[in-house]
Structures are given as structure tokens and as C-alpha cells.
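Data first, discussion second: the structure below is written as C-alpha cells.
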Amino acid sequence: MPKNALLKIDDKEIACPVMTGSEGEKAIDARNLRKDSGYIFYDQGYGNTGSCESAITYLDGDNGILRHRGYPIEQLAARSEFVETAYLVIYGELPTKTQRKKFGDLLRQNAHIEPQMQRLFEGYPKDTPPMAMLASLVASLAGYYPDLATNNFEHDLKQFDLSAAMAISKIRTLGAMIYRHTRGLPFMHPKDLPFCDNFLHLMFSEPYHDYAVIPEVTQALNLILLMHADHEQNCSSATVRMVGSSGANLFTSLAAGIGALSGPLHGGANMAVMQMLQSIHDEHDDGSRFIAAAKGGSKSNRLMGFGHAVYRNFDPRAKVIGEACGLVLKKLGKSDPLLDIAHHLEQAALKDDYFISRKLYPNVDFYSGIIFRALGIPTNLFTVMFAIGRAPGWIANWREVASNPKGRIYRPRQIYTGPVKRDYVPMDQRG
Ligand code: ACO
């Protein structure tokens, strides 16, 4: 017997069906509420609104649980690698040997950027923000591969395997090209290498001196990309879904997701964390100035890398990355004073009533920058690294939207607070 929730407004009772997800999450189906009663639910920023059904990622923020297609993030971190997890997130199952090979081959075959497209870089000033370049370059893919980006779901889905592999592989290649462009270095051509090694080659090889693979570096890069592969209905994935819901092709939808990720409250936080740790280091401060400022309540002074829109206990990704940080530095034979500062800051904040009472813990961005730095990746490229890692999640979300025969365009409502109806006033009569 289907359950209903009863909503009583004035003297009218409205029945809204109750929905339950596969992990027992509960929702009230409000799709007909406005039709039945004239009311909408108001939920600024959609913090308590389920905008879709999705089979990709399960997240329980109260208990620090994150699973992709049912697999706990901790198990994937320990036993999988980025490309395999990307396949899982996109296609729903861990790949067989044959599927993994086919996927890897497609990634390798589509790693290059067309010479004509490479010329787009000539138009970007060297100091263009990397995420701005990435968003516009990814949008441009629709122009270089028009047959994969027709804005017709049925057609675009027939070529999905190719467009998905292209997007993952080319976003990685573009990330490295952006790095080289900002440094005035010549571009490297992709090689027949595994995904992460190819990235490191594209970043760090020199014309007559190839990057030499360091297994520890490859492993650390694999881990950190994997940890970003998907994260339920976060700001950028919800953006990809929203843009995709209008019928937009994969590349255009991904470009919108990259724009959403670039903000400091989302993917841009990893850069802000490093800037914060660096200034604590440079000023020989113990972090107390940042902690005191963060408690002032201003959005621009928040303790970066702390807090999360859904995790209220701990961010399981931060736990894995925080633990990996020390190990990676040790394996690479490096030390980083910023890691000690991060540890100290974390301990100080976790003892402070302001952070305890608001359930603010380190998030994924708090430690990820230290690993990126150890790999030789400059701070201004951190959010691009996040985008390379998150591409599989965005692609999987776009695919769910595109292949849902009952899907409708995302079109939230609002509560209008502007002036009520008034008559036009000619200019000479305006006060
Ligand atoms: N520093 C200080 N205070 C904070 C912080 C912080 N980092 N985060 C939240 N708060 C405060 C809020 O001001 C609010 O205080 P109030 O109750 O006195 O008004 C309270 O804690 C509760 O805030 P939330 O509702 O939990 O925050 P919200 O969901 O609006 O924002 C967000 C979540 C954007 C992640 C926020 O915690 C933040 O700005 N963190 C810093 C930026 C950051 O690290 N972003 C990365 C997020 S992870 C990711 O996108 C990959």
C-alpha cells in the first residue's frame, strides 16, 4: 500500500506520496502540490530538495558515508584506480578485463587536441584563470566534434561511449596544456601511456627530456583523482544536470559544470586552503588569526577547507586524503611545513566551540592541495585537477538525465519579492 504524507493548509488536506530510496532515504513527492493546492515548497539553495532520482552515488552526510554504485569510497581508494572507478561511476558496474581494456584504449586514442583547437590557446592572455580557459575549451569541443554534440539526446547517446571517453581524456590533456600555456612552455603530445602517467608526461616532459615515471607519484595522482570522481548532487553536478535537462549536449553541459566548480565555496576552496596555509607559514602565525576571523560570521573569512553542505560528522574523503598526505610525502622523500600547519589548524579548530557546535570538520579540500603540491602541481591548477577528477561524475549525471524518458527540463519556482503591478511612467515624469 503506497504511503502518503498529509499536508493541511487552511482546512484543506493534501496527500503527497512518500518515496523511499534504496538506502531508505525518505522524501515527500511534491510534484503535484502546486496543482493541488497553489503552494510550492520554499527551499533556498535546494538544501532539502531532492531534484532527481539517481543510481550513481549514495551519500549519508550525518554518518560520513560515501558509496559509488554501492561500493564504499574507502574500498575504492584502497583497491581501485581512477580509470576503473570512472568506468564504475559512469556505467554502473566495475569493468571486466575486456571492458577495462576497451575503455583504456578509447581514452588513449582520444587524448589528443586537434591542431586547429590548439590554436585557441593563442587567444588567451597568459594570466587567464585556468578554470575560465578549461570551461571555454571544453565548450569548444562541441564545435570540433559536432556529430557527438547535436543537442539531440537520442543521437548523442548512440555515441556516448566515444564522447564520454573523449571528455575524460581531453579534459586531462587540456588541464596539462593550460599549465604549459600559463608558463609559456611548448605543448607535449600525448603518448601511449596509462591515464595518470600521460598527464604527468603532458605536464612535465621537456622537448628532449621525457618525464620519467615515478610509481609513487602515479599512485598518489590516481588516488586523488579517484577521491574526486563523484559526489552526489553537489553544485557542479546539479549544474550539469540542469543544463543537460534542456537537451544540451555533453560537452556544453560539462563546460557549465566547470564554471560551477570554479567558485571558492566549491572546487576553488583547494586553492584558498593553500593560500591560507602559506600565509600562516609566511607570517609565522599559529593559525589563531584565521580561526578568530572565521568565527566572525563573514563568508569571505571562512576557514577554508572546513565545513560541508551535507557532511555533519566527517568527510570520508578528507579522512582518506588526510591519512594519505603523510604517506605520500614520506614515499616521495619530501616534507612540507604546510602539512604540520594543517594538522595544527585542524586540531585547534576541532577543539573550538564555534566549530564543534556547528559541526564543522575538514573537507576534501583541506589536505588535497598538499598532495597536489608534492606532485609539483602549482596552486592555480588545483581546481583544474578537481575538474579532471570530477569529470566521470558529471558525465554519469548527464547520462542519467539524457537517458530518462520521463525527464523534464529543470525549472524551479520562486517566491517573488519585487514590486507589485504598476504602470509605466514616461521619462519626463520620473522623479
Ligand atoms: N568557517 C567558518 N564558519 C563556517 C564555515 C567555515 N569554513 N563553514 C560554515 N560556517 C558557519 C556558517 O557561517 C554558519 O554559521 P551560523 O550558524 O552562525 O550562521 C554555520 O557554520 C553553518 O553553516 P552551514 O550551513 O554548514 O554551511 P553551508 O552549508 O551554507 O556551506 C560550505 C557549506 C559552503 C562548504 C561552507 O562550509 C564553507 O564555506 N566552507 C569553506 C569553503 C570550503 O571549504 N568549500 C569546499 C566544500 S567541499 C567541496 O566543494 C568539494
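Below, the figures for the structure above:
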read-out	value
Proximal charge balance of PHE372 [Cβ under 13 Å; K/R count +1, D/E count -1]	0
Spin-label model distance (nm) - GLN347 vs ASN404, 7 Å beyond Cα toward Cβ	4.7 nm
Accessible surface of SER298 - all protein chains present, 1.4 Å probe, nearest 10 Å²	40 Å²
Cut-off 10 Å between beta-carbons: net charge of the residues surrounding ALA111, Lys and Arg +1, Asp and Glu -1	+3
Reachable lysines, given that their alpha-carbon falls under 18 Å from the alpha-carbon of LYS359 and they are not under 8 places away in the same chain	LYS295, LYS299, LYS319, LYS351
P(r), alpha carbons of region 4-50 - 5 Å bins starting at zero, rounded %	5, 20, 26, 25, 16, 7, 1, 0
Theoretical gain in end-to-end length, ASN63 to HIS284 [0.36 nm per residue, Cα-Cα removed]	75.9 nm
Range of Cα positions in region 72-406 per principal axis (Å), largest first	55, 54, 42
The chain, relative contact order [Cα under 8 Å, separation at least 6], %	20 percent
Choice from LYS12, LYS421, LYS330 with maximal GNM fluctuation in the chain (Cα, 10 Å cutoff)	LYS421
Accessible area in square angstrom per residue, the chain, 1.4 angstrom probe	52 Å²
Span from the region 145-212 Cα centroid across to the region 276-312 one, whole angstrom	35 Å
Longest to shortest principal axis, alpha-carbon extents of region 275-431, angstrom	71, 48, 33
Protein accessible area in the chain, 1.4 Å probe - carbon and sulfur %	52 percent
Helix-only mean residue ellipticity at 222 nm for the chain, each DSSP H run of n ≥ 4 adding -39500 (n - 2.57), per residue, nearest 500	-15500 deg cm²/dmol
Point-charge dipole on Cβ atoms (K/R +1, D/E -1) for the chain, about Cα centre, debye to 20	680 debye
Computed over region 159-219, Kirkwood Rh from alpha-carbon pairs, angstrom	12.2 Å
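The values are calculated or read from the model by the stated rules, or taken from the named source; none is laboratory data. Treat the numbers as computed from the prediction; the structure is a model and nothing was measured. FYI the Cβ positions are ideal-geometry reconstructions off the backbone, even for glycines, and counts take in every protein chain you see. The accessibility values were calculated without ligands, DNA or RNA, using every heavy atom of the protein model including side chains. Shrake-Rupley method; radii C 1.70, N 1.55, O 1.52, S 1.80 Å.
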